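Since the structure comes first, as structure tokens, the remarks are kept for the end.
The values are calculated or read from the model by the stated rules, or taken from the named source; none is laboratory data. Here the structure is a predicted model, which is why all the values come from computation and not from measurement. All Cβ positions, glycine included, derive from the backbone under ideal geometry; neighbour counts span all protein chains shown. These area figures cover heavy atoms from the full protein model, side chains too; ligands, DNA and RNA do not enter into them. Shrake-Rupley method; radii C 1.70, N 1.55, O 1.52, S 1.80 Å.
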Amino acid sequence: MNKIAARAFYDALNSDMGTQAREYLSKRQLSRATCVHFGLGYAPDSFNYLTDILTKEGYSTDEISENFLCGISKKNGKPFDMFRNRVIFPIIDLYGNIIAFGGRVMDDSKPKYLNSSDTVVFKKSKNLFALNFAKSALLGDREGGGSASTLVRSGELILCEGYMDVISMHQAGFTNAVATLGTAITSEHARIISRFAKTVYLAYDSDSAGQNATKKAIEKLSEVGIDAKVIKIEGAKDPDEYIKKYGAASFAKILGSSDGEVDFKLKAILNKYDLSNADDKIRAVQDICRMLSDIYSPIKREVYTKRASEITGISEETINAEIKKALRGKASSFRKKQSDDTQKRLLRYDDRINKESAVNPAAASVEERLLGILLLHPELFEKCKELKSDDFITSFNRSVYERLKEIYDSGTSDTSSLNEYFSPEEMGRIMNMRYEREKLSSNGVDALSEQIYTLKKLKDKKDAKSEELSFIDSINKIKAEKLKGGSN
């Protein structure tokens, strides 16, 4: 479906309908070759251009809607094209498949960009625009992808904010540029990047939003061991504008003078304070020391400790003492967090799938062990004649048992139909029950009988407690009525 849609958008761009879009791309100084290379297209200003094409190809309205290529009107129930009067950027995965689209308006209307939502074949958090081209540029002859640009160095990627930045940079020879797709960088993005690069140059906009995005990107990239550097773009708001103003050679120079992670953070702290003011200087040094305490390498920390001392006029000894204080505080916080997390796990306070498990943690654990055995060995349902769905204390696990029993009673052991009843997150929990039991050697009749016996005991105890509370409640009501009658 996406391949057909991409062809339809491409044809529209190169027809009479696409005149305005071609003029826009020309104004942005994109060559014809670049437009063809990226498969750029145009979504006509029509409510049914693409939907009609896809319907004629045999796709249903529901399928087109699920793939974020059409919407359904709440007023009349009719479909309408999701992308209209926009330049289209196909999003291609590492294997050359078209998996989604981005669309940009050609004026100042909002929203400027419209991006595909997550679909069966597309996850924003796991894909990067133009990584298919950047991968070829970085690996070059190693995968038979041809020679890389002379502006591309092995193991280095440039991370931008948007499609136009990336396309402009590729056209200028920086074919190692990529961008996230309408979302901030995620841990998954960072892991994917780490497969291809050891150094990433961050080329985000110079506004406050861009600076915040830079901070988050540094954090995510550092988690996977990537050296992040920040490009200082001066005299332009973004890489696209800079290259158009000053050229590719000038951009290559500012790449070489990019700030490292620590320099970027150090400058950000110094920009917040007036070092001529005593109170500001104290706060600045404290912030710097907290930042330096995050540096793992003793050599790197010593280099920046010396620089911080030179900038602030505070001795290295004093700065080192403050760093040690910050490290002790972090160690204490870490131990407390570990303890809190352990308590939460034990008490199941953070369980969003089976919320009743926080009130009944013991029962939930037994139920999960029992279900794990049945998921591994559905034939053991024959040994569950004494087990009723009412024996389950938490409703989520009860519903899982009921669905599994329905499957067994129908004469099959295929659990794929569970997907019809449970969400992906719930299915993840169900599959984890099975996985946890797979790690154990005892999953036979004896283990099952033990879980059934324990669950019934817990249920009896809970029922007895409920009866006791109900009895006490009844006595209290009688007492209250008698007191009320006496007062009258």
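Things to note:
- Accessible-area order (highest first, 1.4 angstrom probe) of the listed residues His37, His189: His37, His189
- Whether segment 97-137 is rounded, prolate or oblate, judged on the alpha carbon gyration tensor where a/c under 1.5 counts as rounded: oblate
- For segment 1-137: rounded, prolate or oblate by the Cα gyration tensor [a/c cutoff 1.5]: oblate
- Charge-dipole axis of segment 1-120 as Lys and Arg at +1 and Asp and Glu at -1 on Cβ define it, positive-most pick from Asn48, Gly102, Asn2: Gly102
- Segment 93-139 and segment 1-76: distance between their alpha carbon centers, rounded to Å: 14 Å
- Computed on the chain, with alpha-carbon pairs under 8 angstrom and 6+ residues apart, the relative contact order is 7 percent.
- Among the GluC sites (Glu not before Pro) found in segment 359-389, those both in a DSSP coil and sparsely packed, with 15 or fewer other Cβ atoms within 10 Å of their Cβ, are Glu386.
- Helix-only CD estimate at 222 nm, as mean residue ellipticity for the chain, using -39500 (n - 2.57) per DSSP H run (n ≥ 4): -17000 deg cm²/dmol
- Rounded to 5, percent antiparallel among DSSP beta bridges of the chain: 60 percent
- Relative contact order for segment 1-77, counting Cα pairs under 8 Å that sit 6 or more residues apart, in percent: 33 percent
- Overall, the anisotropy analysis places segment 1-48 in the oblate class: the square-rooted eigenvalues a ≥ b ≥ c of its C-alpha gyration tensor yield a/c not less than 1.5, with a/b not exceeding b/c.
- All other residues whose Cβ lies under 10 angstrom from that of Ala213 are scored, Lys and Arg at +1 and Asp and Glu at -1, for a net of -1.
- Only one residue of Leu418, Phe251, Ser136 has its Cα farthest out toward the positive end of the dipole of the chain, where Lys and Arg carry +1 and Asp and Glu -1 on Cβ, and that residue is Phe251.
- Residue-level accessible surface for Glu420, protein heavy atoms, 1.4 Å, Å²: 150 Å²
- Rel. contact order, % - alpha carbon contacts under 8 angstrom, at least six apart, segment 49-133: 21 percent
- Using Cβ point charges alone (K and R +1, D and E -1), the dipole size of the chain about the Cα centre works out to roughly 1080 debye.
- In segment 230-321, taking the dipole from charged Cβ atoms about the Cα centre, the farthest positive-side position among Asn320, Ala308, Ile282 is held by Ala308.
- Remark: for residue pairs Lys78/Lys110; Lys75/Lys355; Lys281/Lys330; Lys220/Lys330, the C-alpha separation exceeds 30 Å in Lys75/Lys355.
- Average accessible surface area per residue within the chain, 1.4 Å rolling probe, Å²: 55 Å²
- If you take all other residues with their beta carbon under 10 Å from the beta carbon of Leu387, and give Lys and Arg +1 and Asp and Glu -1, the sum is +2.
- In this view, the solvent-accessible surface of Thr394, computed with a 1.4 Å probe and all protein chains in place, comes to about 0 Å².
- Loop-resident GluC sites (Glu not before Pro) (DSSP state other than H, G, I, E or B) in segment 200-284 with no more than 10 further Cβ atoms inside 10 Å of their Cβ: Glu234.
- Shown for the chain: the carbon plus sulfur share of the solvent-accessible area, taken with all protein chains present and a 1.4 angstrom probe, equals 50%.
- Residue ranking by accessible heavy-atom surface, 1.4 Å probe, largest first, among Lys253, Lys439, Lys112, Lys456 comes out as Lys253, Lys439, Lys112, Lys456.
- Taking other residues whose beta carbon is less than 15 angstrom from the beta carbon of Asn97, and scoring Lys, Arg as +1 and Asp, Glu as -1, yields +4.
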